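Comments concern the structure below.
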Amino acid sequence: MSRIGKLPIAIPAGVNIDIKDNVVSVKGPKGELSQKVDPSIKIKNEDGHLVFEIDENSPVNQKQKQAFHGLYRALVNNMVVGVSEGYKKEMELVGVGYRVSNQGNILEFSLGYTHPIFMQLPKEVKVETKSERNQNPQIILESCNKELLGLICAKIRSFRMPEPYKGKGILFKGEVIRRKSGKSASAK
C-alpha cells in the first residue's frame with residue numbers, strides 16, 4: 001500500500017472541496033482547480049480531512065491501484081496547497097546582454113539570438129520581471145496550479161538551457177551549475 005496515499009489531507013479554512021462522479025473540485029482564495037480521479041480510488045471527506053482509499057472491487061490490477069493511490073493523493077494535495085497558499089518560482093537570466101521584460105502576460109526575451117522571443121502566458125499565471133543594475137534579470141512566476149507553473153518554467157528554460165562551460169543560461173534562483181573545464185585545461 002502507498003505510504004503517501006495513506007496520509008490524510010488537512011483542509012485549510014476558506015477552502016471548499018466538492019467530490020462528484022470521480023471529479024474533485026477545490027475552490028479557495030487563490031483560485032479554483034479540478035482533477036478527475038480514477039474509479040479505483042475512493043475519496044471521503046471526514047471531519048476536515050480528505051482520506052483516500054483503494055476500492056478492492058475494481059477490475060484494475062493491484063499494482064496499478066497502489067500507484068493511483070499515491071498519485072491522486074499527491075495531485076489533490078497540490079491543488080489544496082495551490083488554492084490556499086499558491087506556488088511561486090523565481091528564475092534568473094545569466095549571460096551578457098540577456099534581458100527580459102513583460103507587458104501584461106506577454107514575456108519578451110533577448111537571449112543572444114538574432115531575434116527576440118515572445119511568450120504568451122496563460123491568464124492563471126501572474127508574472128513579474130526585475131532588471132536592476134549589476135544584477136541578473138529575474139522572472140517571478142506565481143500560480144495556484146503547480147503543474148502548469150512547472151510546464152511554463154520548463155518552456156522558458158528551454159530557450160537557453162544552462163551550460164556547464166561558462167555557466168550561462170536561464171536558471172532557477174539559487175541553482176548551482178556544475179562547471180566543467182574547457183579544452184585548454186586538459187592534460188597532455
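The values are calculated or read from the model by the stated rules, or taken from the named source; none is laboratory data. Just so it is clear, the model here is predicted, and its values are computed rather than measured. Cβ placement follows ideal geometry from the backbone for every residue including glycine, while neighbour counts extend to all protein chains displayed. Side chains included, ligands, DNA and RNA excluded: accessible areas come from the protein's heavy atoms. Shrake-Rupley method; radii C 1.70, N 1.55, O 1.52, S 1.80 Å.
Is there any pair with a first residue in the range 159-186 that is in contact (Cβ under 8 Å) with a residue 12 or more places away in the chain and surrounded by 15 or more Cβ atoms within 10 Å (Cβ to Cβ) and a second that is basic (Lys, Arg) and part of a helix (DSSP H, G or I) whose Cβ atoms are under 6 Å apart and which are 6 or more apart or on different chains, and what are they?
Hits for this filter: Ile170/Arg157.
Among the residues of the range 96-113 satisfying the criterion of being of a type in the set (Ser, Thr, Tyr) and free of Cβ contacts under 8 Å to residues at least 40 places away in the same chain, which is most open to solvent (accessible area, probe 1.4 Å)?
Tyr113
Taking strands (runs of 3 or more DSSP E) that do not extend beyond the range 55-112, which have at least 3 residues that are at negative phi and of a type in the set (Phe, Trp, Tyr)?
The strands (runs of 3 or more DSSP E) meeting that bar number zero.
For Val23, work out the one condition from (1) surrounded by fewer than 18 Cβ atoms within 10 Å (Cβ to Cβ); (2) more than 22 Å from the chain's Cα centre (by Cα); (3) on the phi < 0 side of the Ramachandran plot it doesn't fulfil.
(2)
Applying the selection to the range 114-143, what residues are open to solvent by 20 Å² or more (accessible area, probe 1.4 Å), part of a loop (DSSP other than H, G, I, E, B) and under 22 Å from Gly174 (Cα atoms)?
Passing the criteria: Ser131, Glu132, Arg133, Asn134, Gln135, Asn136.
Report whether or not Lys27 is over 24 Å from Lys126 (Cβ atoms), in a strand (DSSP E or B), in contact (Cβ under 8 Å) with a residue 12 or more places away in the chain and of a type in the set (Lys, Arg). Full working, then the answer.
On the way: over 24 Å from Lys126 (Cβ atoms): no; in a strand (DSSP E or B): yes; in contact (Cβ under 8 Å) with a residue 12 or more places away in the chain: yes; of a type in the set (Lys, Arg): yes.
Against the criterion (over 24 Å from Lys126 (Cβ atoms), in a strand (DSSP E or B), in contact (Cβ under 8 Å) with a residue 12 or more places away in the chain and of a type in the set (Lys, Arg)), Lys27 does not qualify.
For the range 43-77, which positions are among the β-branched types (Val, Ile, Thr), within 21 Å of Lys146 (Cα to Cα) and touching a Ser or Thr at 6+ places or on another chain (Cβ under 9 Å)?
none
Taking Glu56, is it surrounded by fewer than 13 Cβ atoms within 10 Å (Cβ to Cβ), charged (D, E, K, R), in contact (Cβ under 8 Å) with a residue 24 or more places away in the chain and farther than 30 Å from Lys126 by Cα?
No: the conditions fail for Glu56.
Could you say whether any residue in the range 78-100 is under 29 Å from Ala154 (Cβ atoms), among the hydrophobic types (A, V, I, L, M, F, W, C) and in contact with a Ser or Thr (Cβ under 6 Å, 6 or more places away or on another chain)?
There is at least one residue in the range 78-100 that is under 29 Å from Ala154 (Cβ atoms), among the hydrophobic types (A, V, I, L, M, F, W, C) and in contact with a Ser or Thr (Cβ under 6 Å, 6 or more places away or on another chain).
Within the range 1-13, can you find the residues that are assigned to a loop (DSSP other than H, G, I, E, B) and open to solvent by less than 60 Å² (accessible area, probe 1.4 Å)? Don't jump to the end; show me each part of the working.
Let us first name the residues in the range 1-13 that are assigned to a loop (DSSP other than H, G, I, E, B), namely 1-2, 7-8, 11-13.
Within the range 1-13, Ser2, Ile11, Pro12 meet the criteria.
Give Glu132, Glu124 a once-over and let me know the one that is modelled with pLDDT under 95 and more than 30 Å from Asn77 (Cβ to Cβ). Spell out how you get there, then give the answer.
Numbers: Glu124 fails: more than 30 Å from Asn77 (Cβ to Cβ).
The conditions single out Glu132.
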